[in-house]
1. Cβ-Cβ distance below 7 Å, separation of 6 or more or different chains: which pairs start in segment 40-63 with a residue that is within 14 Å of ligand 2 (Cβ to nearest atom) and open to solvent by 60 Å² or more (accessible area, probe 1.4 Å) and end on one that is in a loop (DSSP other than H, G, I, E, B) and at pLDDT below 75?
2. Go through (1) open to solvent by less than 100 Å² (accessible area, probe 1.4 Å); (2) assigned to a helix (DSSP H, G or I) for LYS90 and report which single condition fails.
3. Taking segment 1-39 on its own, how many of its residues are open to solvent by 60 Å² or more (accessible area, probe 1.4 Å), more than 10 Å from ligand 1 (Cβ to nearest atom) and modelled with pLDDT of 90 or more?
4. Using beta carbons and a limit of 6 Å, which pairs, at least six apart or on different chains, have the first residue in segment 1-23 and farther than 18 Å from GLU50 by Cβ and the second one near ligand 1 (Cβ under 8 Å from one of its atoms) and aromatic (Phe, Trp, Tyr)?
5. Take the conditions open to solvent by 70 Å² or more (accessible area, probe 1.4 Å) and under 30 Å from VAL14 (Cα atoms) and apply them to ARG113. Does it pass?
6. Please work out which one of (1) modelled with pLDDT under 75; (2) farther than 30 Å from VAL21 by Cα is the condition ARG104 fails and give its number.
Amino acid sequence: MSCSICLSKFKNPVSIPCGHVYCTDCLTNHVAATSNDDVGFMSNCPTCREPFNCVSPQLNCIPRRLHQYILPSVRRVYVEPSSSSASLRKELAAAEKLIRALERDNERLVNERDNLVVAKEDALYRESLLEEENQELRQSAEMDAIEAADALKALKSKYNKLKQHCRTLKEENGQKDLSAVLLNVSKRNSSAVDASLTDAEASTPKRLRMIRPLPHRSRLSLQTPTKNGEQLGSPFRT
Ligand SMILES: [Zn+2]
Ligand SMILES: [Zn+2]
């Protein structure tokens, strides 16, 4: 509701007999501009052109008992809570309800956000713990790998030493076996040789004695036993 002259909210509103309402100042200015003294302090409603009397009777000049029969042409209007204000109150109540609902939603969302923030912090903390653990595990795994590599190296060298030792032992065994065999052979044959020695020529015992130093020979000579055998065998065959 606004004044149709100034198009603003009513300021000290007054009504004229046609029922239209204007601000006091707006109506005074309108009357000042349009009143025609010829017609006798009359003016027209700016909205509906209904003529009205500009001058209200001075009540203090009229007996009090007649006051109730006299209606001033321009009357003050008091804005009372109207149906529109009732609807406004309804709108306000609805808006307040909406505000409360929104506040509840807001509270719920804030709680959810806080929970999520806490959960995120928790997750980050757990992730950092896992990262730490992971790093420790990786380091220990690397150390284990290094230790394992060292142990492997040590085992390899031990294995090689043992292999070498084993080979040496085998060679020694082989040498012993060979010398034992040779000893046996020489013992078995020596009787025959001794028997034949009496008949043999003087050079034969010399060559036979050459068998004896064989066990003390170098390993190289052992790798070619057939050659030795041939060499050794030949005196016995003759
Ligand atoms: Zn006005
Ligand atoms: Zn009017």
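The values are calculated or read from the model by the stated rules, or taken from the named source; none is laboratory data. Worth saying up front: this structure is predicted, and the values here are computed from it rather than measured. Here the Cβ is made from the backbone with ideal geometry for all residues, glycine too, and neighbour counts use every protein chain on show. Surface accessibility is based on the protein's heavy atoms, side chains included, excluding ligands, DNA and RNA. Shrake-Rupley method; radii C 1.70, N 1.55, O 1.52, S 1.80 Å.
1. Pairs that qualify, where the first residue is within 14 Å of ligand 2 (Cβ to nearest atom) and open to solvent by 60 Å² or more (accessible area, probe 1.4 Å) and the partner is in a loop (DSSP other than H, G, I, E, B) and at pLDDT below 75, are ASN53/PHE41; ASN53/SER73.
2. (1) is the only condition that LYS90 fails.
3. The number of residues fulfilling the criteria is 1.
4. Pairs that qualify, where the first residue is farther than 18 Å from GLU50 by Cβ and the partner is near ligand 1 (Cβ under 8 Å from one of its atoms) and aromatic (Phe, Trp, Tyr), are CYS23/PHE10.
5. Considered against the rule, which asks whether it is open to solvent by 70 Å² or more (accessible area, probe 1.4 Å) and under 30 Å from VAL14 (Cα atoms), ARG113 comes out as no.
6. (1)
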